[in-house]
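The values are calculated or read from the model by the stated rules, or taken from the named source; none is laboratory data. All values reported here derive from a predicted model rather than from experimental measurement. Please note: Cβ atoms are built from the backbone with ideal geometry, for glycine as well, and neighbour counts cover all protein chains shown. Areas reflect the complete protein model, heavy atoms only, side chains present, ligands, DNA and RNA absent. Shrake-Rupley method; radii C 1.70, N 1.55, O 1.52, S 1.80 Å.
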Amino acid sequence: MKIILFILLAFNLHADIKQDMLNLYQNKKFEEACTMGFNSFKYNKKDEEFISLYAFSCLYSDYIDRLAIPIAMLKFSSEARANSAYLSTILMQKKLLYHALIDNYDLSSLKLPSTDYVLSKVFDFYAELGVHEQRDVYLFEDKNDEKLTYKLYLTNDEKLKKIVIEEFYDTIIIKKHIYW
């Protein structure tokens, strides 16, 4: 009897996690939702709604490297495949932008899909530069809102360089994204 009760409690606990994650996501607490999803992923790895919620929480908290496993697992429904393709695009753009900034790789010949995500926008701006002299800082103006600008640069950590994208509205910083 105790085993059945434990199993039922464990099942209810995992069922509540998805709702808790959704609440966090809706309240824009993406990092908390991503962490919660990461910690309970093994119990929900067959639930594509959970996987998508986890993946988008991690995306919006800039934990892009956590997207690789969800991308591979989102395949059984049309919505899941669309989410996987969207997330794959952003992950690939991050990797290619990093390669370009560190190794001076030319992105201009690549024809990739784009998204509305900030990294994707900056990737497109950078790719449009073509072959150019490397700079310490790149400034890009949003094509749809002239008050929105993006500042792209690298920082040096102890072990590796990181991409930094700062979003500005007029001269006020809105958000700072850091990727490695």
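Check LEU119, LEU96 and return the single one that is in a helix (DSSP H, G or I), modelled with pLDDT of 95 or more and over 13 Å from the mean Cα position of the chain (by Cα).
Unique residue meeting the criteria: LEU96.
If I ask for residues that are free of Cβ contacts under 8 Å to residues at least 24 places away in the same chain and either β-branched (Val, Ile, Thr) or surrounded by fewer than 15 Cβ atoms within 10 Å (Cβ to Cβ) (or both), which ones from the stretch 107-132 would you list?
Listed by number, the residues that qualify are SER108, SER109, LEU110, LYS111, LEU112, ASP116, GLU128, HIS132.
Do we find that ARG135 is without any contact (Cβ under 8 Å) to a residue 12 or more places away in the chain, assigned to a loop (DSSP other than H, G, I, E, B) and open to solvent by 60 Å² or more (accessible area, probe 1.4 Å) in this structure?
yes
Which residue, of GLU133, GLU167, GLU128, is under 19 Å from PHE56 (Cβ atoms) and charged (D, E, K, R)?
Of the residues listed, the single one that is under 19 Å from PHE56 (Cβ atoms) and charged (D, E, K, R) is GLU167.
For the stretch 163-172, what are the residues that are over 13 Å from VAL137 (Cα atoms) and either open to solvent by 90 Å² or more (accessible area, probe 1.4 Å) or free of Cβ contacts under 8 Å to residues at least 24 places away in the same chain (or both)?
Hits for the stretch 163-172 are PHE168, TYR169, ASP170, THR171, ILE172.
Taking the options LEU101, LEU87, LEU59, name whichever one is at pLDDT 95 or above, in contact with a strand residue (DSSP E or B) (Cβ under 9 Å, 6 or more places away or on another chain) and not basic (Lys, Arg).
Exactly one residue qualifies, and that residue is LEU101.
Kindly provide the set of residues from the stretch 136-156 that are at pLDDT 95 or above and more than 18 Å from LYS175 (Cα to Cα), ordered by number.
ASP136
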